[in-house]
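Below: the structure, in structure tokens.
The values are calculated or read from the model by the stated rules, or taken from the named source; none is laboratory data. Worth saying up front: this structure is predicted, and the values here are computed from it rather than measured. For neighbour counting, all protein chains shown are included, and Cβ atoms are generated from backbone atoms with ideal geometry for every residue, glycine included. The protein model used for the area step is the full one, side chains on, heavy atoms only, and it has no ligands, DNA or RNA in it. Shrake-Rupley method; radii C 1.70, N 1.55, O 1.52, S 1.80 Å.
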Amino acid sequence: MPLSFDVRLNDLTGAREELRGVTEGSRAASSQASVTPDSSLLGASPEASTFFIETFGCQMNAHDSEKVAGVLLGRGYRQVDDLDSAKVVFYNTCSIREKAAQKVFSRLGEYRKHPGHGKIIGVLGCVAQQEGEEIFERAPWVSLVCGSASYSKLPALLAQLEAGNRRVTGLDKDTDETFETEITRRDNPFRAYLTIIEGCDKSCSYCVVPFTRGPERSRSSASVLQEVRKLADLGYSEIQLLGQTVNSYRDPMLRGMSRGMTFAELLVAVAAVPGIRRVRFTTSHPRDFGPDIVEAIDSVPALCDHVHLPVQSGSTRVLRSMQRTYTRDEYLEKIALIRSARRPISVTSDIIVGFPGETEEDLADTLSLLDAAQYDGVFAFQYSPRPNTSSLQMADTIPEQEKGRRLAVVQDRQREIQVVRNNELVGQIFEVLVDGASRRPGQWAGRTSSNRILNFSSPHSDLLGQYTQVRVTRASPNSLIGEQVEQVV
Ligand code: 5AD
Ligand code: SF4
């Protein structure tokens, strides 16, 4: 699945603005960042060795940026969080929808106004892959263009820049390598992201991902588990496994192995690593979602009770045209499977409105699917025609204004569903991992296993990074409010 990856339930559940997210300076994050640099740049002036990365788009991109930062730290660069003081600037870009892709060009355009900026500028990610060397034409001050399928070559590309090369590119997609790094500079001190499968072999007609991220490549279960053990040692208790189609994971066969692990077996093995209390995964593709995943969640409490299972449309006709490989009824069977679990599992989804040829009847099918699926959150998007996708050629395009109207209709219906679902949670007690503190004393934010944000009050201090029990006292369509009911564990 494309770039849903982080199930941005926090966007849906809102109410976060007033909370200070704590991302820097934790034990886990800083211990990972303190590597011994090994590059000739070490001798350079501090200004010469600073870098800044701005990331657009999905959780996969955010995690790729963490890995890129790890590579740079390993070469003696120092990360800074203001652009002005950086010698090297990387933009890790997203091209899933046109608006996202435009953002990087407006960033790059800024440099036109400052010709003597003296910075090394690199463009990474999906726009880099899509536009390739064209980027040098549009923005001659760019020195590096590298798509995510070539990130394993980044150290070599950096070395070429350090050696004085003006322009370097990494645009191959025919790699079977995954981007594994010695160190990853993780931004979130509580939740560690870990890519287990890169690229995508599906061919949804609207989606740039197979083009920009290349074919599917899974990382071996042995190497995943080794990294999870390292993360647990560093103090992380929550792991989120990432992939565009994370549940299409196929363990590469190693010599001497009779067979690799299935995705469900990998989930169970990750959850069994001492110190790991929560395991999430995103994004799941409906076609590869089987009962073994639900059974694993049912039998292993550390596997979080949340599945992000994008449907995209409730109309079988549109699904066929999108090449999603399932019908509405087949999708609803997967929902029924999840709902048959012994513990409630929260389900979220992505929806595209205004796909070419979408009729009022198709839209009505999507609305009735929302009623049937009873999602806990939905990310709805207006269809955006993208280069190198087959839907680009399709007739019967829908005017932008009409797409906007359909988007509002879908969002309104889903809001009504969330009002009811969230109200049912009032009075229930959830364990949260506390990951935010409000400026107001005694106010905290945590996440439930189902990935809901729960803002709560507690007389305790120093709750960050702790697991605690919270009773829900109020609910709105987009947020839960509660109070702590127990001592910190
Ligand atoms: N237009 C609109 N939305 C898209 N998505 C992917 N490609 C497009 C596109 N061309 C949405 C899908 C996907 C989510 C991350 O982005 O819903 O699941
Ligand atoms: Fe997801 Fe389909 Fe895009 Fe692959 S092609 S990332 S399955 S939407």
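With the structure loaded, tell me whether GLU431 is in contact (Cβ under 8 Å) with a residue 12 or more places away in the chain, charged (D, E, K, R), away from ligand 2 (no atom under 16 Å from the Cβ) and surrounded by fewer than 19 Cβ atoms within 10 Å (Cβ to Cβ) or whether it fails that test.
So GLU431 passes the test.
Which one of the conditions (1) surrounded by 19 or more Cβ atoms within 10 Å (Cβ to Cβ); (2) assigned to a strand (DSSP E or B) does ARG474 fail to meet, given that it meets all the rest?
(1) is the only condition that ARG474 fails.
Does the range 215-225 include one or more residues that are over 27 Å from ASP305 (Cα atoms), within 16 Å of ligand 2 (Cβ to nearest atom) and not hydrophobic (A, V, I, L, M, F, W, C)?
Yes: the range 215-225 contains one or more residues that are over 27 Å from ASP305 (Cα atoms), within 16 Å of ligand 2 (Cβ to nearest atom) and not hydrophobic (A, V, I, L, M, F, W, C).
Which ones in the range 347-379 are free of Cβ contacts under 8 Å to residues at least 60 places away in the same chain, among the small types (Gly, Ala, Ser) and in contact with a strand residue (DSSP E or B) (Cβ under 9 Å, 6 or more places away or on another chain)?
Answer for the range 347-379, where residues must be free of Cβ contacts under 8 Å to residues at least 60 places away in the same chain, among the small types (Gly, Ala, Ser) and in contact with a strand residue (DSSP E or B) (Cβ under 9 Å, 6 or more places away or on another chain): SER349, GLY354.
Test of understanding: among SER106, SER152, which residue is at pLDDT below 95, touching a Phe, Trp or Tyr at 6+ places or on another chain (Cβ under 7 Å), of a type in the set (S, T, N, Q) and in a helix (DSSP H, G or I)?
Sole residue among the options that is at pLDDT below 95, touching a Phe, Trp or Tyr at 6+ places or on another chain (Cβ under 7 Å), of a type in the set (S, T, N, Q) and in a helix (DSSP H, G or I): SER152.
Among the residues of the range 94-101, are any touching a residue at least 24 places away in the same chain (Cβ under 8 Å), away from ligand 2 (no atom under 16 Å from the Cβ) and within 22 Å of ARG166 (Cβ to Cβ)?
The answer is no; no qualifying residue exists.
Residues are listed down the side, and each one gets a yes or a no for (1) out of contact with any strand residue (DSSP E or B) (no Cβ under 8 Å at 6 or more places or on another chain); (2) aliphatic (A, V, I, L, M); (3) over 30 Å from SER321 (Cα atoms):
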position	(1), (2), (3)
PHE381	no, no, no
PRO387	yes, no, no
LEU392	yes, yes, no
THR397	yes, no, no
LEU454	no, yes, yes
ASN478	yes, no, yes
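It is to be established whether one or more residues within the range 415-428 are assigned to a strand (DSSP E or B) and more than 23 Å from the chain's Cα centre (by Cα).
Looking for residues that are assigned to a strand (DSSP E or B) and more than 23 Å from the chain's Cα centre (by Cα), one finds none in the range 415-428, hence no.
Is it the case that ILE352 is within 18 Å of SER284 (Cα to Cα) and not aromatic (Phe, Trp, Tyr)?
Yes.
Taking the residues in the range 386-421 that are open to solvent by less than 50 Å² (accessible area, probe 1.4 Å) and among the charged types (D, E, K, R) as candidates, determine which candidate is farthest from ligand 1 (Cβ to nearest atom).
By that ranking, first place goes to GLU402.
Restricting to the range 70-103, and then to whatever is modelled with pLDDT of 95 or more and open to solvent by less than 10 Å² (accessible area, probe 1.4 Å), can you tell me which residue is farthest from ligand 1 (Cβ to nearest atom)?
Among them, the one singled out is VAL89.
Restricting attention to the range 182-196, does a residue exist that is surrounded by fewer than 20 Cβ atoms within 10 Å (Cβ to Cβ), at pLDDT 90 or above and within 16 Å of ligand 2 (Cβ to nearest atom)?
no
List every residue pair whose Cβ atoms sit under 8 Å apart, with the two residues 6 or more apart in sequence or on different chains, where the first one lies in the range 201-221 and is without any contact (Cβ under 8 Å) to a residue 60 or more places away in the chain and open to solvent by 20 Å² or more (accessible area, probe 1.4 Å) and the second, anywhere, is more than 8 Å from ligand 2 (Cβ to nearest atom) and among the aromatic types (Phe, Trp, Tyr).
Once the first residue is without any contact (Cβ under 8 Å) to a residue 60 or more places away in the chain and open to solvent by 20 Å² or more (accessible area, probe 1.4 Å) and sits in the range 201-221, its partners that are more than 8 Å from ligand 2 (Cβ to nearest atom) and among the aromatic types (Phe, Trp, Tyr) give SER218/TYR249.
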